[in-house]
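Have a look at the structure below before the remarks.
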Amino acid sequence: MWGTEVTFEVRESPEGGYEARALGYGIFTEADDWQELKYNLRDAVHCHFDPGERPKLINIHFVRDEVIEVGEAVSEIEEIATA
């Protein structure tokens, strides 16, 4: 048996929905919404692994890229934090 868990890195798709890839395995899937993604992850794991080698858990690691402005000075940050 490989392990008890497989981890998927999930990102929002530029076209909408989600894209997921398993870390350490050649498993990829996508979905339009979160519920469909969870279904597709289970299905992908069932298709990829034989029953005796199939992990018991799926770990979903959601990655979100975001760019924020640094700002001019620390005083701006303090104003934002107290607002």
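The values are calculated or read from the model by the stated rules, or taken from the named source; none is laboratory data. Please read these numbers as outputs of a predicted model, since none were measured by experiment. Virtual Cβ from ideal backbone geometry, glycine too; neighbours counted across all protein chains shown.
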>> Every residue in segment 25-54 that is out of contact with any strand residue (DSSP E or B) (no Cβ under 8 Å at 6 or more places or on another chain) and small (G, A, S), please.
In response: G26, G52
> Considering segment 32-54 alone, what residues qualify as being within 15 Å of R21 (Cβ to Cβ) and either part of a loop (DSSP other than H, G, I, E, B) or modelled with pLDDT under 95 (or both)?
Replying inline: none
> Do we have any residue at all in segment 21-29 that's assigned to a strand (DSSP E or B), within 13 Å of N59 (Cβ to Cβ) and of a type outside the set (D, E, K, R)?
Replying inline: yes
